[in-house]
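Enquirer: Before we start, here is the structure in question, set down as structure tokens.
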Amino acid sequence: MAGAVLEALRARFGGAILETTSAYGDDVAVVKRESLHEVAAFLRDDPAMAMSYPCYCTCVDYLGMELLTISPTTPLAVPAIPSSLPEEAPRYAMVYELRSIKHRHRIRIKVPLTEGDLKVQTLSDLWPAFNWLERETFDMYGVAFEGHPDLRRIFMYDEFIGHPLRKDYPKERRQPLVRREFSDE
Amino acid sequence: MGLEIATTKLEDAANWGRKFSLFTYPFVTACCGMEFMSVAAPKYDIARFGAEFPRFSPRQSDLLMVVGTITERQGPILKRVYDQMAEPKWVIAFGVCASTGGFYQNYSAMPGADQVIPVDVYIPGCPPRPEQVLDALILLMKKVQEGRGHSQVRHKRERLAARGEGG
Amino acid sequence: MAEIKKLVLGRKIVEDLDEDQELPSELMTVNMGPSHPAMHGTVRIVLTVDGERVVESDVQPGFLHRCFEKESEYATYTQIFPYTDRLNYISPMINNVGYAMAVEKLLGLTDAVPVRAQYIRVIVSEISRITDHLTCVGASAMELGAFTPFLYFLKAREWLFELLEELSGARLTYSYVRIGGVVSDLTPDFHERLIDLLDKIDGVMLEVEALLNNNRIFRDRMEGVGPFSAEDAIAFGLSGPVLRACGVDYDVRKDNPYLVYDRLEFDVPVGSAGDCLDRYLVRLEEMRQSSKMLRQCMRDIPAGPVIVDDPRVAMPPKKEAYNTIEAMIRHFKHIVDGIRVPPGEAYTWVEGGNGELGFFIVSDGTGRPWKCYCRSPSLINTQSVSKTIQGHLISDIVPIFGMINMIGGECDK
């Protein structure tokens, strides 16, 4: 059960799946950005996969991450940067998790993205749940979703400049909308 | 001379009436709202202080309780609600997020509601115990009686300025 | 679509008017603003209405965005517990437990947590679930005009708050759970007090059911309002009582049992129509099941330690910290550096009050997480509100929104 989904993906998509790992009971597949929609549609529609339940989608910003290991024998769960990508390491990775209610299996999909080319195709046409989740990822990280019906900010206000969860946005940089004028009060 | 004593006594009587019948507008945003519900509940009854029924319209209320974290996005809305209230009006900052921002010191949480509106009584606590809220209400009632709330002081200053210019 | 076109065109030609509509009408945009009398925190719904009927709606969350993820990147693993409390603040223990389990997964300690600690975690989770449903049903009933059930349920909630206050020191935001266990053991008279309270709460529930279940007004306002089909519910990623009311039998405690849920006997209530009445009944029944589980837990709980005996994770006991230098240094390192979690990424999910609450933690080997993402059920459940209220009256929004149980802290993180 653990590797069956990954096997099926590798058999079907071959080169589009860059890497697969299984650790902590999670199955992870690193997928190339161009094939994401195809892989996701396969996972949803194939009766053996039947991943009808969207779990979450988010983005990780790896800027400045230096991995420390506690001991030589501590395993790394998932390589942060897939090793088979020829160009220099991408800064971001989109993370999706899908689950099947019928077969009780799930999978996590990671899509590496580089800084200059921060866009990925939307999955909100396959699962409506990703509509707001992709808006949240756009708001917080600035990932553009092609084909999204309504891509605007969800948590921050429109006048906000920047994408707050990126590692180079300082936590306490405020952009206030209104402040009190201290006249005679 | 006699007129001033009469108006002062009238003023005291009006304040006495105001303090025991505060109509609250609970501007509830976050977790402190749960403690506000507990304060309104039978055990820590706020009704015995007269501030029982929340009026969910700023036009009909005189005590704005800012309950919970105010974010930058919420700022203009809070200001608008405060501006819509009729004088005299008082503000209680309920909880440490509304007082100073609490432990949320980040790009979205405003460091206190007093960045936008003048606050009369601050209640620390995360969330504050209902007894703290009742204590704050009693402090506010004292302020109301003595005429020291922000809007009361502003009104008095404006009236004195008008009288100074007029005569 | 044709219907919307007809409405959108505003003033119609006389020949186009159909029999039921005698007057030409225009659509109006109304704002159900962020300051809600419905006490559900802050959400803005921009409605496009045709008279009283909702044609389109745009639900805008985010007025309580308190940057849980950004704050957790700057805090040590133990310092994040207060932030997790304030996510779903009406069932805070469940958030604590979910987050602790996610970190323990990365540490590899999931099986090393002592059994007594696991039972205690289940006990406080179920008590939090009861407070969650009490608050949700009580507040929703109040918005429909039933003030008495609200007061009865708040009275019951106060009893539970007092009990948990004796246990952890706080009434609402406990931060009671730690990585590897819980912070302290149960109080000596916890068992008797809990059983006594459960009996009293059963009595309160019977009273409220007598007031609401067969009440003509309540039934008319809740029954048939906001039905949601099971396929849509799955595609929208709903979870929790909202999903189960649609007929999908998915509960994390049964499908992916964690802690000691596999040793407990309980049923999962499943509805059929997915309307507000079903959601209400599912929540009431879940409270009963939680009560049943609590009695079993108190009967079966073993004695033992309440935190894992691993110096890399647990703080030393005070006596040692004050008397030995090693324990003092360990204490110091825990506070300043935090628990060093091996690098990796893991996702753990628990059954929260609103549904599947998950934590996705990316660790880089230091004592502070690289990323701590919370999969919040409220945000995903609230997304379905726009679809549900389409075609309903404005006054139907109140029970629909109430039964979704959107908690602002969790929705806007």
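The values are calculated or read from the model by the stated rules, or taken from the named source; none is laboratory data. Since this is a predicted model, take the numbers as computed values, not measurements. Counting neighbours? That spans all protein chains shown, and the Cβs are built from the backbone with ideal geometry, glycine included.
Yes/no matrix, rows are residues, columns are (1) assigned to a helix (DSSP H, G or I); (2) surrounded by 14 or more Cβ atoms within 10 Å (Cβ to Cβ); (3) in contact (Cβ under 8 Å) with a residue 60 or more places away in the chain:
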{"site": "C:294", "(1), (2), (3)": "yes, yes, yes"}
{"site": "C:299", "(1), (2), (3)": "yes, no, no"}
{"site": "C:303", "(1), (2), (3)": "no, no, yes"}
{"site": "C:314", "(1), (2), (3)": "no, yes, yes"}
{"site": "C:334", "(1), (2), (3)": "yes, yes, yes"}
{"site": "C:339", "(1), (2), (3)": "no, yes, yes"}
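Enquirer: Out of C:126, C:104, I need the residue that is surrounded by 19 or more Cβ atoms within 10 Å (Cβ to Cβ), in contact (Cβ under 8 Å) with a residue 12 or more places away in the chain and either in contact with a strand residue (DSSP E or B) (Cβ under 6 Å, 6 or more places away or on another chain) or within 24 Å of residue C:209 (Cα to Cα) (or both). Which one? Break it down into steps so the answer makes sense when it comes.
Expert: Working: C:104 fails: either in contact with a strand residue (DSSP E or B) (Cβ under 6 Å, 6 or more places away or on another chain) or within 24 Å of residue C:209 (Cα to Cα) (or both).
So the residue among C:126, C:104 that is surrounded by 19 or more Cβ atoms within 10 Å (Cβ to Cβ), in contact (Cβ under 8 Å) with a residue 12 or more places away in the chain and either in contact with a strand residue (DSSP E or B) (Cβ under 6 Å, 6 or more places away or on another chain) or within 24 Å of residue C:209 (Cα to Cα) (or both) is C:126.
Enquirer: Taking residue B:33, is it under 25 Å from residue C:87 (Cα atoms), facing chain C (nearest Cβ under 10 Å) and touching a residue at least 12 places away in the same chain (Cβ under 8 Å)? So that I can check it myself, show each step before the final result.
Expert: On the way: under 25 Å from residue C:87 (Cα atoms): yes; facing chain C (nearest Cβ under 10 Å): yes; touching a residue at least 12 places away in the same chain (Cβ under 8 Å): yes.
Criteria met by residue B:33.
Enquirer: Can I ask one more? Just one of the numbered conditions (1) of a type in the set (Gly, Ala, Ser); (2) part of a loop (DSSP other than H, G, I, E, B); (3) in contact with an Asp or Glu (Cβ under 7 Å, 6 or more places away or on another chain) is not true of residue B:102; which one?
Expert: Against the list (1) of a type in the set (Gly, Ala, Ser); (2) part of a loop (DSSP other than H, G, I, E, B); (3) in contact with an Asp or Glu (Cβ under 7 Å, 6 or more places away or on another chain), residue B:102 comes up short only on (3).
Residues checked against (1) more than 8 Å from every other protein chain (Cβ to nearest Cβ); (2) at pLDDT 90 or above; (3) within 16 Å of the chain's Cα centre (by Cα):
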position: C:328; (1), (2), (3): yes, yes, no
position: C:333; (1), (2), (3): yes, no, no
position: C:337; (1), (2), (3): yes, no, no
position: C:340; (1), (2), (3): no, no, no
position: C:343; (1), (2), (3): no, no, no
position: C:351; (1), (2), (3): yes, yes, yes
position: C:357; (1), (2), (3): yes, yes, yes
position: C:364; (1), (2), (3): no, no, no
position: C:394; (1), (2), (3): yes, no, no
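Enquirer: Now, a different point. Given the conditions (1) under 30 Å from residue C:252 (Cα atoms); (2) surrounded by fewer than 19 Cβ atoms within 10 Å (Cβ to Cβ); (3) charged (D, E, K, R), report the number of the one that residue A:106 does not fulfil.
Expert: (2)
Enquirer: Those residues that are within 19 Å of residue C:126 (Cα to Cα) and among the aromatic types (Phe, Trp, Tyr), I need them from region C:335-358; list them, please.
Expert: Here is the first cut: in region C:335-358, the residues within 19 Å of residue C:126 (Cα to Cα) are C:348-358.
Listed by number, the list holds a single entry, C:349.
Enquirer: Got a number for residues in region C:175-211 being within 30 Å of residue C:146 (Cα to Cα) and under 23 Å from the mean Cα position of the chain (by Cα)?
Expert: Taking region C:175-211 as the starting set, the residues that turn out to be within 30 Å of residue C:146 (Cα to Cα) are C:193-211.
Okay, now just the ones that are also under 23 Å from the mean Cα position of the chain (by Cα), so C:194, C:197-198, C:201-202, C:204-205, C:208-209.
The total comes to 9.
Enquirer: Quick check on residue C:387: is it surrounded by fewer than 22 Cβ atoms within 10 Å (Cβ to Cβ) and either without any contact (Cβ under 8 Å) to a residue 12 or more places away in the chain or not assigned by TED's automatic domain parsing to the domain that holds residue C:223 (or both)?
Expert: Details: surrounded by fewer than 22 Cβ atoms within 10 Å (Cβ to Cβ): yes; either without any contact (Cβ under 8 Å) to a residue 12 or more places away in the chain or not assigned by TED's automatic domain parsing to the domain that holds residue C:223 (or both): no.
Spelling it out, it is not the case that residue C:387 is surrounded by fewer than 22 Cβ atoms within 10 Å (Cβ to Cβ) and either without any contact (Cβ under 8 Å) to a residue 12 or more places away in the chain or not assigned by TED's automatic domain parsing to the domain that holds residue C:223 (or both).
Enquirer: For region C:261-288, which positions are surrounded by fewer than 19 Cβ atoms within 10 Å (Cβ to Cβ) and modelled with pLDDT under 90?
Expert: C:272, C:273
Enquirer: Could you list all residues from region B:105-130 that are more than 25 Å from residue B:153 (Cβ to Cβ) and part of a loop (DSSP other than H, G, I, E, B)?
Expert: Matches in region B:105-130: B:105, B:106, B:107, B:108, B:125, B:126, B:127, B:128, B:129.
Enquirer: Considering only region A:140-185, state which residues are touching a residue at least 24 places away in the same chain (Cβ under 8 Å) and in contact with a His (Cβ under 7 Å, 6 or more places away or on another chain).
Expert: Listed by number, the residues that qualify are A:140, A:141, A:142.
Enquirer: Is it true that some residue in region C:375-386 is over 22 Å from residue C:95 (Cα atoms) and either more than 9 Å from chain A (Cβ to nearest Cβ) or of a type outside the set (S, T, N, Q) (or both)? Steps first, answer last, please.
Expert: Start the filter on region C:375-386 by keeping residues that are over 22 Å from residue C:95 (Cα atoms), which leaves C:384-386.
With the extra rule that they be either more than 9 Å from chain A (Cβ to nearest Cβ) or of a type outside the set (S, T, N, Q) (or both), the set shrinks to C:385-386.
Yes; the residues of region C:375-386 include at least one that is over 22 Å from residue C:95 (Cα atoms) and either more than 9 Å from chain A (Cβ to nearest Cβ) or of a type outside the set (S, T, N, Q) (or both).
Enquirer: Assess whether residue C:201 counts as being among the β-branched types (Val, Ile, Thr), farther than 30 Å from residue C:112 by Cα and crowded, with 21+ Cβ neighbours inside 10 Å. I'd like the intermediate steps shown before the answer.
Expert: On the way: among the β-branched types (Val, Ile, Thr): yes; farther than 30 Å from residue C:112 by Cα: yes; crowded, with 21+ Cβ neighbours inside 10 Å: yes.
Spelling it out, residue C:201 is indeed among the β-branched types (Val, Ile, Thr), farther than 30 Å from residue C:112 by Cα and crowded, with 21+ Cβ neighbours inside 10 Å.
Enquirer: What's the total number of residues in region B:54-90 that are touching a Ser or Thr at 6+ places or on another chain (Cβ under 9 Å), facing chain C (nearest Cβ under 10 Å) and small (Gly, Ala, Ser)?
Expert: 1
Enquirer: Within region C:242-264, does at least one residue satisfy the condition of being in the same structural domain as residue C:383 (by TED's automatic domain parsing), touching a Leu at 6+ places or on another chain (Cβ under 6 Å) and farther than 30 Å from residue C:302 by Cα?
Expert: So far as region C:242-264 goes, no, none of its residues is in the same structural domain as residue C:383 (by TED's automatic domain parsing), touching a Leu at 6+ places or on another chain (Cβ under 6 Å) and farther than 30 Å from residue C:302 by Cα.
Enquirer: Determine which single condition residue B:62 fails, assuming it passes every other condition in (1) closer than 21 Å to residue B:155 by Cα; (2) more than 14 Å from the chain's Cα centre (by Cα).
Expert: Every condition holds for residue B:62 apart from (2).
Enquirer: Give region A:23-51 a look and list any residue that's at pLDDT 80 or above, over 17 Å from residue A:122 (Cβ atoms) and assigned to a strand (DSSP E or B), or say none.
Expert: Within region A:23-51, A:26, A:27, A:28, A:29, A:30 qualify.
Enquirer: Going residue by residue through region A:56-76, is there one that turns out to be closer than 28 Å to residue C:251 by Cα, at pLDDT below 90 and among the aliphatic types (A, V, I, L, M)?
Expert: Kept after step one, since they are closer than 28 Å to residue C:251 by Cα, are these residues of region A:56-76: A:56-59.
Next cut, at pLDDT below 90 only: none.
Within region A:56-76, none of the residues are closer than 28 Å to residue C:251 by Cα, at pLDDT below 90 and among the aliphatic types (A, V, I, L, M).
Enquirer: Report yes if some residue within region A:144-162 is of a type in the set (Val, Ile, Thr) and within 11 Å of chain C (Cβ to nearest Cβ); otherwise report no. So that I can check it myself, show each step before the final result.
Expert: Of region A:144-162, the ones of a type in the set (Val, Ile, Thr) are A:154, A:161.
Those still in the list that are within 11 Å of chain C (Cβ to nearest Cβ) too: A:154.
Yes: one or more hits.
Enquirer: Continuing with the same structure: Failed condition for residue B:127, given (1) more than 14 Å from chain C (Cβ to nearest Cβ); (2) surrounded by 12 or more Cβ atoms within 10 Å (Cβ to Cβ); (3) not charged (D, E, K, R), with all others met?
Expert: With (1) more than 14 Å from chain C (Cβ to nearest Cβ); (2) surrounded by 12 or more Cβ atoms within 10 Å (Cβ to Cβ); (3) not charged (D, E, K, R) applied to residue B:127, the lone miss is (1).
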